[in-house]
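Peer 1: Take this structure, written in structure tokens, and hold onto it; I'll ask about it next.
The values are calculated or read from the model by the stated rules, or taken from the named source; none is laboratory data. Just so it is clear, the model here is predicted, and its values are computed rather than measured. Neighbour counts are summed over all protein chains in view; Cβ atoms, including those assigned to glycine, are modelled from backbone coordinates with ideal geometry. Note: accessible area is taken over every heavy atom of the protein model, side chains too, but ligands, DNA and RNA are not part of it. Shrake-Rupley method; radii C 1.70, N 1.55, O 1.52, S 1.80 Å.
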Amino acid sequence: MSAEYATFGLAPAMRAGGVLANGDYQVHRDFVDFVVDGRSLLFRLSDLDAVSPLASDIPPAIFTAQVRGLLLESDAPLEGCRHIIYGCPECEDLACGAVTAVIEKDGDDYVWRDFVWQTDEQADLELNGYHGIGPFRFHGDAYRRALHTLLDGGSAERSRALLIGPRVAGLARLAAALRSIGVGADIAQDATDVPAEELRTYGAVVFGHAIGERERAGVRESFGRAGVEVAYVDALAPIVPLLVAQIEQALDRNPAERRRLTHLAAGGGTADVEVAAACRVSLTTYRQDRLHRVHTHEAFDDVLAAGRHRIALDPRATKGEAFVVARTSGGVLVAAVAR
């Protein structure tokens with residue numbers, strides 16, 4: 001079987017959740033992505049909103065079964081030796097569509113070939129095939145070693161945020177919104193009495209407006225004593241969808257080379273957005289008026305080519321103190337509109 005050798009690796013990834021402008025929720029998913037020749041395989045598949053079967057929120061037994069399936073230690077779940085490589089992040093139902101591929105052994109090598117977009121039990125390679133993707137041949141030792149790390153406890157991490165502040169309605173609404181999209185959230189006045197093993201479960205700490213510098217320093221000291229590196233978020237404004245987006249940005253620890261959305265700045269009536277690969281980008285502005293009413297405006301939603309883009313913003317949507325959220329399927333960025 002002719003196929004050039006490629007390197008196989010794994011990397012933590014996330015599908016950014018959020019509270020959307022229309023009030024709907026988009027589920028947050030942490031998963032392990034496949035890295036081929038140093039590049040995310042998902043990014044090769046155009047603008048696809050999907051996750052791998054190696055997600056952190058599936059039961060351990062199912063996670064292990066998925067890994068063993070990729071190792072060909074069990075039968076393929078689909079006809080023709082096909083395995084699901086990426087599926088729907090909301091329900092994982094094949095009817096929603098999934099990227100599948102034939103995985104087989106050739107001697108000691110593993111080969112991934114015939115990638116296709118599949119919506120039922122039968123794959124139509126001619127009609128729905130990804131003809132520019134693969135086949136990939138992986139050295140058996142490296143392939144097995146990467147996947148066995150997941151069996152040894154290296155699965156995708158779960159996302160949790162610690163909200164620092166009094167248990168008031170605003171923080172309670174934020175915690176509820178985070179839990180609704182699949183991000184764990186706890187509220188505490190400080191972190192003094194929180195055990196170190198619990199502190200290690202958090203990926204982000206959010207400081208409310210009422211938290212002074214002395215209290216913030218105490219929280220940082222508690223995490224420092226526990227040896228925990230965590231992202232600290234200063235709440236921009238008491239607007240739940242905006243704060244959810246800030247937390248999602250903080251939870252994204254992927255290096256720049258593994259992100260589609262790489263830059264966002266706003267001011268002078270425009271937003272500057274940079275993407276590393278062609279993808280759909282949405283821009284939403286948020287502001288509060290003098291009566292503390294929240295105004296939301298969907299400013300842009302379209303596919304952008306790789307590169308930097310300048311997008312006009314409605315002046316009425318950005319007057320006063322305003323903020324812009326840029327979102328792709330895999331990440332989110334937040335910026336205050338410069339006055």
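Peer 1: Can you pull the percent of segment 281-339's accessible area that's carbon plus sulfur, 1.4 Å probe, other chains left in place? The partial results should precede the final answer.
Peer 2: On the way: 1600 of 3300 Å².
About 48 percent, which is the carbon plus sulfur part of the accessible surface.
Peer 1: Per Stokes-Einstein, at 37 °C and 0.692 mPa s, what whole-number D in µm² s⁻¹ belongs to the chain, with the Kirkwood radius over Cα pairs as the hydrodynamic radius? Don't jump to the answer; show the numbers that get you there.
Peer 2: Working: Rh = 21.6 Å.
Answer, rounded: 152 µm²/s.
Peer 1: Right, next: Just going by the charge dipole of the chain, with Lys and Arg at +1 and Asp and Glu at -1 on Cβ, which of 281, 224, 72 is farthest out on the positive end?
Peer 2: 224
Peer 1: Once you charge only the Cβ atoms, +1 for Lys and Arg and -1 for Asp and Glu, what is the size of the charge dipole of segment 125-275 about its Cα centre, to the nearest 20 debye?
Peer 2: So the magnitude is around 220 debye.
Peer 1: In percent, what relative contact order does segment 271-339 have, based on Cα pairs under 8 Å that are 6 or more apart in sequence? If you can, show how the numbers build up before the last one.
Peer 2: On the way: 136 pairs, mean separation 25.3, N = 69.
Relative contact order comes out at 37 percent.
Peer 1: Let me ask another. What relative contact order, as a whole-number percentage, does segment 50-135 give when Cα pairs under 8 Å and 6 or more residues apart are counted?
Peer 2: It comes to 21 percent, rounded to a whole number.
Peer 1: Would you calculate the convex hull of the Cα atoms in segment 219-328 and tell me its volume per residue in Å³?
Peer 2: Dividing the Cα hull volume of segment 219-328 by its residue count gives 112 Å³.
Peer 1: While we're looking at this one, here's another question. Evaluate E = 1/(1 + (r/R0)^6) for residue 11 and residue 293, where r is the Cβ-Cβ distance and R0 equals 51 Å; express this FRET efficiency to the nearest 0.05.
Peer 2: In this case the efficiency is close to 0.75.
Peer 1: Using the heavy atoms of the protein chains alone and a 1.4 angstrom probe, what is the accessible area of the chain per residue in square angstrom?
Peer 2: 48
Peer 1: So what is the relative contact order of segment 217-339, in percent, for Cα pairs below 8 Å that sit 6 or more residues apart?
Peer 2: Result for segment 217-339 is 27 percent.
Peer 1: Next question, about the same structure. Could you run the Karplus curve 6.51 cos²θ - 1.76 cosθ + 1.60 with θ = phi - 60° over segment 131-144 and give me ³J(HN,Hα) per residue in whole Hz, x for Gly and Pro?
Peer 2: Values per residue, Gly and Pro as x: 6, x, 10, x, x, 10, 10, 10, 4, x, 4, 5, 4, 5 Hz.
Peer 1: On to the next question. Among 264, 291, 304, whose mean-square fluctuation peaks in a Gaussian network model of the chain (Cα, cutoff 10 Å)?
Peer 2: 291
Peer 1: Quick one: angle between helix 60-70 and the longest Cα principal axis of the chain, in degrees between 0 and 90, rounded to 10, please.
Peer 2: That works out to roughly 40 degrees.
Peer 1: Let me ask you something else. Please report the equivalent ellipsoid semi-axes of segment 95-202, computed as sqrt(5 x eigenvalue) of the Cα gyration tensor, largest first, in whole Å.
Peer 2: Semi-axes, largest first: 44, 22, 8 Å.
Peer 1: Also: Would segment 14-70 count as rounded, prolate or oblate if I go by the C-alpha gyration tensor, calling it rounded below 1.5 in a/c and otherwise prolate when a/b exceeds b/c, oblate otherwise?
Peer 2: Cα axes put segment 14-70 in the oblate bin.
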